[in-house]
Amino acid sequence: MKFTIEVGRYNPEGTYADNAVQGEPYPAPWSSSPPRRYQTYEVDLPEHAVVLDALIAIREYQDESVAVRCACRSAICGSCAMWVNGHANLACKSKLQEFTKDGKTRVESPPSMPVIRDLVWDMKPFWDNHRRVTPWLENKPLPPPMQEYVVSNESMEELIQEVTCISCGCCLMDCESFAVNPDFMGPHALAKAYRYAADPRDAETHERLGEYSQHGGIWDCTHCFECVQQCPKGVEPLEQILKLRRMAVDAGYTRNAGTRHADAFANSVKHSGRLNELTLLPKSVGFFNILGQLQTLPSAFNMIRAGKLPPIIHKTIPGVKRIKAIFDRVGGRFK
Amino acid sequence: MKVAFHPGCVSKGACPELYISATKIAGTLGLELQELTEAPCTGAGVLSEQNPELGDSLNALTLAMAESMGGTLMTICSTCQGVLSSVNHTFEKKPERLEKANQTIQDQGYTYKGGTTVKHLLWLLFEDIGVEKLKSVIKRPLTGLKIAPFYGCYILRPSDSLGLKERPERKTYLEQLIELLGAERVDYTGSGKCCGFPMLTFNRDKSLAMGGNHILEAKEKGADAMVTPCPLCHLNLDGQQPDAALAISRPLETPIFHLPQLLGLAFGFSPEELRLDHHVVSTKKALEKVELKV
């Protein structure tokens, strides 16, 4: 079966084949990533072939200058993560037929990461952030026990989802928070953080949760589900971040906008069945955060001028008693 | 076609133009809206993330109410759609969660049997109302208007719970619709990305930059306006646009239409009827392209 592959080329020495077509600049926030030159190759492969099969066929039989990183070819090592048609994917797991769009498949290194050459990108931002979450178990300050720690199956079941992470970087390269906020630890690191914080053998869970609640941590995730969508191993990093948020709040780390936001949200729904937008923003920002309150004033003024002010008198939905009863029964700390 | 209708908090709060335009165009499309006036807020993912059982119970109540009214629930908000789809998906995969939620809502006189289909107006247009019906009610094709689609995360991801694996065409409905209404669609990379709204209170500058970048890209690709099926995206892209322009130091001035407003224009409603004169970013220049004044 014939497939057409467009390879995004980047050569730090700046030399390209004549038929490599200059691509458009990447939009913000990736405008500083060099535009790729797209070179088109035709390959003849079985219909079940994957993108990596095509890239290897190109490198072996057509153009040995194409740089591609790969090892296991079985979605285990994570080294062939790249953009396939503009989204993070493992080349070895992406079926060509499925990824053929308008008669072709476009591959390139992600503009969200530093490019080294062609499809090979620098994983430094990935590992730098990974190290920030103390990715190992901290022992209790006691001599090692005479026998191994016994850990229940149930407690490990909670961690299995994250343990399947292969550190390929798919989640980080498409993370929308990381794209605008390089201080954000990233979905890969925070999923790993959950793996250690929730491990019953770890002795510093409380301290970890404090660190993860700081700037750049769990509350800087924008909840866009890109990491859940792009993870090739089903780790669902966002779900692990949400578990960390719950753990952090339960551990008492509540002096942050995220917790204030959730509390104000719950309070409004409990008492009226609906969200009170008029009070949500100031409550989330914090009444004593004068600078934060001032920052929101211009947009509040614009909204008022456009006639988009939420009703001053917040209406309660009929049958709100039901909602209150549900909160009383299962509301936990929102009771 | 009768549908239970969950308008969502924002359409009754800071985006009244969405509720007004949606109820106006429903009649034209032959939709009989039975509003769930007693249904609670979905929690927008915020309540579920802090307390999954609470999220399950509140949304099971809404789904049960819709079930008793025929079983098709229409949303006009990507976020409401995402949360209700996700809860429905969880109940299907983990019946024990449904059972637990039912134990809570049974005291309130409701039981959810798992039979409600939740559909955003955008999906109903293509899957139930149909393209032919839609074409037949277009009175004013939006010829000459260049529109960039903006979906909102929760109507695209995660694809499992939204049924996008079975119906991948759901990822293209906005583009198709723009063309069906006679407008020109603007392709750009930001259409499926995050507007930044969920981060607005936690990290304001980054949230504004996120939304601002997408508007800038759409504008640079020639868009006269953008259209979104999500009022939360609208709050960030329209409501915060002047601040977003400051955050990325670039002029933006790109009006953002709610999905029902774009439909309404093509159906012949006046801009005032659709409250297009109640936006933070003026819709004037875009409307002039289709010879309308506001």
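The values are calculated or read from the model by the stated rules, or taken from the named source; none is laboratory data. Values in this document were obtained by computation on a predicted structure and should not be read as measured data. Every residue, glycine as well, gets a Cβ built from its backbone with ideal geometry; the counts of neighbours run over all protein chains shown. Note: accessible area is taken over every heavy atom of the protein model, side chains too, but ligands, DNA and RNA are not part of it. Shrake-Rupley method; radii C 1.70, N 1.55, O 1.52, S 1.80 Å.
Tabulated values for the structure
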read-out	value
Subset tally (residues that are open to solvent by less than 10 Å² (accessible area, probe 1.4 Å) and either aromatic (Phe, Trp, Tyr) or under 22 Å from residue B:205 (Cβ atoms) (or both)) for the range A:225-237	1
Filtered residues of the range A:80-103 (kept if open to solvent by 30 Å² or more (accessible area, probe 1.4 Å) and in a loop (DSSP other than H, G, I, E, B))	A:85, A:93, A:97, A:98, A:99, A:100, A:102, A:103
Any hit, the range A:248-258, residues being in contact (Cβ under 8 Å) with a residue 12 or more places away in the chain, more than 8 Å from chain B (Cβ to nearest Cβ) and within 20 Å of residue A:123 (Cβ to Cβ)	no
Residue satisfying condition, being under 30 Å from residue B:292 (Cβ atoms) and not in a loop (DSSP other than H, G, I, E, B), within set B:126, B:91	B:126
Hits in the range A:217-235 (condition: in a loop (DSSP other than H, G, I, E, B) and touching a Cys at 6+ places or on another chain (Cβ under 8 Å))	A:222, A:223, A:224, A:225, A:231, A:232, A:233, A:235
Qualifying residue in the range A:266-274 (condition: under 30 Å from residue A:208 (Cα atoms), in contact with a helix residue (DSSP H, G or I) (Cβ under 6 Å, 6 or more places away or on another chain) and at pLDDT 85 or above)	yes
Criterion violated by residue B:294 - all others in (1) surrounded by 24 or more Cβ atoms within 10 Å (Cβ to Cβ); (2) touching a Leu at 6+ places or on another chain (Cβ under 6 Å) satisfied	(1)
Hey, residue A:270 within 10 Å of chain B (Cβ to nearest Cβ), open to solvent by 60 Å² or more (accessible area, probe 1.4 Å) and either under 26 Å from residue B:38 (Cβ atoms) or assigned to a loop (DSSP other than H, G, I, E, B) (or both) or not	no
Subset of the range B:20-49 that is more than 9 Å from every other protein chain (Cβ to nearest Cβ) and polar (S, T, N, Q) - its residue that is nearest to residue A:241 (Cα to Cα)	B:42
Selection count where residues are crowded, with 24+ Cβ neighbours inside 10 Å and assigned to a helix (DSSP H, G or I), scope the range B:2-21	5
Residue in the range A:153-160 that is at pLDDT below 95 and more than 20 Å from residue A:236 (Cα to Cα) present	yes
Among the residues listed as A:241, A:317, the single one being free of Cβ contacts under 8 Å to residues at least 60 places away in the same chain and more than 7 Å from chain B (Cβ to nearest Cβ)	A:241
Any chance residue B:52 is within 14 Å of chain A (Cβ to nearest Cβ), open to solvent by 20 Å² or more (accessible area, probe 1.4 Å) and within 20 Å of residue A:268 (Cβ to Cβ)	yes
Given (1) of a type in the set (Phe, Trp, Tyr); (2) under 23 Å from the mean Cα position of the chain (by Cα); (3) within 14 Å of chain A (Cβ to nearest Cβ), number of the condition residue B:110 does not satisfy	(2)
Close pairs (9 angstrom Cβ cut-off, 6 or more residues apart or separate chains): facing chain A (nearest Cβ under 7 Å) and free of Cβ contacts under 8 Å to residues at least 12 places away in the same chain in the range B:8-19, among the charged types (D, E, K, R) and not in a loop (DSSP other than H, G, I, E, B) anywhere	B:13/A:277
Single condition residue A:300 does not satisfy, out of (1) free of Cβ contacts under 8 Å to residues at least 40 places away in the same chain; (2) touching a Lys or Arg at 6+ places or on another chain (Cβ under 8 Å)	(2)
Matching entry among B:241, B:261 (being touching a strand residue (DSSP E or B) at 6+ places or on another chain (Cβ under 9 Å) and farther than 30 Å from residue A:24 by Cβ)	B:261
Subset of the range B:164-184 that is touching a strand residue (DSSP E or B) at 6+ places or on another chain (Cβ under 6 Å) and of a type in the set (D, E, K, R) - its residue that is farthest from the other protein chains (Cβ to nearest Cβ)	B:184
Residue, farthest from the chain's Cα centre (by Cα), within the range A:214-238, restricted to residues that are away from every other protein chain (no Cβ under 11 Å) and not aliphatic (A, V, I, L, M)	A:214
Answer from B:254, B:201 - the residue that is more than 10 Å from chain A (Cβ to nearest Cβ) and polar (S, T, N, Q)	B:254
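Residue-wise test of (1) within 14 Å of chain B (Cβ to nearest Cβ); (2) buried (at least 16 other Cβ atoms within 10 Å of the Cβ); (3) free of Cβ contacts under 8 Å to residues at least 12 places away in the same chain.
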residue	(1), (2), (3)
A:10	no, yes, no
A:19	no, no, no
A:25	yes, no, yes
A:46	no, no, no
A:52	no, yes, no
